[in-house]
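The values are calculated or read from the model by the stated rules, or taken from the named source; none is laboratory data. These figures come from a predicted structure and were not determined experimentally. No Cβ is skipped: glycine too gets one built from the backbone with ideal geometry, and neighbour counts run over all protein chains shown. Note: accessible area is taken over every heavy atom of the protein model, side chains too, but ligands, DNA and RNA are not part of it. Shrake-Rupley method; radii C 1.70, N 1.55, O 1.52, S 1.80 Å.
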Amino acid sequence: MTSSFIKLAGTLGCALFLLVSCGKSPDSVHQRYEQRLAEVMSLDYPAPRLMPPPVAAKTSAQIEADTTIDFTTFSKLKQCHVQTLVAERNTVSGKVQAPSQRLIYDRRFLQALQQCLTTANEPDWQQQLQNWISLKRRHSRQTLARVFDNSEEFKQAWLASSKTIDINNDYAASILALNYLHQLILKPDTVPNSAELENHLSAIASQKLLARLLHTYHEPMQRLAQQTDWLVEHQQHFRCNNGILTSRIKQALIVFRTYFIKDIQATGSHANGVFFKVTAFLEELARLPYLQPWVTDNVNLLLKTQAEYQQTLRQHVNFWQQVHQQCKVKPGQY
């Protein structure tokens with residue numbers, strides 16, 4: 001029976017755009033759903049008990065200092081472009097690089113050191129280069145973490161927002177951007193293109209997909225749980241004697257279809273479609289070394305809230321399944 005509900009929601013796709021274009025917020029949709037159920041069943045509905053999502057305190061972190069290179073050693077680096085990179089870092093702009101540009105710099109530096117190593121002949125010099133490569137690999141992991149916890153774009157991406165997922169928006173730019181960054185985590189030797197990286201970060205900041213997903217799941221999860229509790233508390237009013245559908249229960253089923261199937265579940269399904277396209281990135285990000293706790297906490301909260309939302313939605317659907325079965329009606333046939 002659950003698949004019937006899902007199928008019904010899918011067949012009403014063209015109506016969904018009309019519903020959203022009317023400007024209904026998730027708040028108002030849930031409120032109307034609750035009010036109409038209470039009205040048709042002649043029951044009181046309690047005021048919702050809602051808790052805002054916990055806000056993780058933002059903290060900043062520094063990257064450990066680079067090794068000082070003496071003049072004699074510095075002269076040995078002439079053949080592999082490290083000298084140019086050292087000079088670049090010592091400019092005014094090089095000392096105040098944004099996290100994304102520092103990431104590019106550190107990965108370029110790492111590549112230059114690896115090039116030096118291929119031409120090094122002296123064992124002591126080879127060992128020195130190996131030590132620097134190990135240090136730069138660690139720096140590169142730290143600068144990658146700073147992109148996610150200290151860049152203005154990612155701070156904007158998590159910025160508290162009352163806006164939820166828009167069913168008319170596929171968020172393709174944000175999905176592409178987050179998966180691009182996922183590849184940078186998986187491929188630590190890849191040097192990203194500067195313009196491409198900045199464009200992706202800009203999309204992440206402007207669409208605020210991560211904050212939208214969290215808001216889409218967090219409050220509706222609470223309201224759905226309370227709606228299900230209310231339905232279970234009054235389940236005797238939703239029983240059909242001898243399987244005969246009463247006028248009152250028929251109206252309640254119409255309310256369920258109008259507000260839950262066509263709107264609440266449809267919005268959740270769209271959010272899930274977007275969420276599952278970035279789940280692998282979120283899971284990888286939660287494991288990223290050197291990441292500040294506020295980002296890890298937000299990522300884990302989003303993953304946890306989505307899972308709880310799914311469970312809460314299933315419990316709500318299960319109640320209405322039982323009503324359909326006990327009243328011997330199929331979804332939409334009333």
**OP:** Let me know the charge dipole size of the stretch 235-334 about its Cα centre in debye, to the nearest 20, where only the beta-carbon of Lys, Arg (+1) and Asp, Glu (-1) is charged.
**Re:** 680
**OP:** Past 31 Å, Cα to Cα, is the threshold; run Lys262/Lys328; Lys163/Lys277; Lys208/Lys250; Lys155/Lys187; Lys163/Lys262 against it and keep the listed order.
**Re:** Lys208/Lys250
**OP:** Please turn the phi angles of the stretch 187-198 into ³J(HN,Hα) values with the Karplus equation 6.51 cos²θ - 1.76 cosθ + 1.60 (θ = phi - 60°), one per residue in order, whole Hz, x for glycine and proline.
**Re:** 10, x, 8, 6, 9, x, 6, 4, 4, 5, 4, 5
Original post:
So, in Å, what gap is there between the alpha-carbon centers of the stretch 101-120 and the stretch 129-180?
Top reply: 22
**OP:** For Asp189 and Asp229, compute 0.36 nm times the residue count separating them, minus their Cα-Cα distance, and round to one decimal in nm.
**Re:** 9.2 nm
**OP:** Give the span of the stretch 187-235's Cα atoms along each principal axis, as three whole-Å numbers ordered largest to smallest.
**Re:** 60, 23, 9
Subject >> Length added when fully stretched, Thr119-Thr258, from 0.36 nm per residue minus Cα-Cα >> reply: 42.9 nm
Subject >> Convex hull per residue volume in Å³, alpha carbons only, for the stretch 159-218 >> reply: 89
**OP:** Could you calculate the FRET efficiency of Glu88 with Ser206 from 1/(1 + (r/R0)^6), where r is the beta carbon distance between them and R0 is 41 Å, rounded to 0.05?
**Re:** 0.90
Subject >> Heavy atoms of Tyr334: accessible area, 1.4 Å probe, square angstrom to 10 >> reply: 40
**OP:** Once you have all Cα-Cα distances for the stretch 159-268, histogram them in 5 Å bins from zero and send the whole-percent values.
**Re:** 2, 9, 13, 15, 12, 10, 9, 8, 6, 5, 4, 3, 2, 1
Original post:
How far apart, in nm, are two points set 7 Å out from the Cα along the Cα-to-Cβ line at Arg49 and at Asn179?
Top reply: 4.2
Original post:
Length gain on complete extension for the stretch Gln31 to Ala286, per 0.36 nm per residue less the alpha carbon to alpha carbon distance?
Top reply: 88.3 nm
Subject >> Rg/Rg_ref, the stretch 247-334, where Rg_ref = 2.2 N^0.38 Å and atoms are Cα >> reply: 1.51
**OP:** Using only the alpha carbons, work out the radius of gyration and Dmax of the stretch 231-286 in angstrom.
**Re:** 18.2, 55
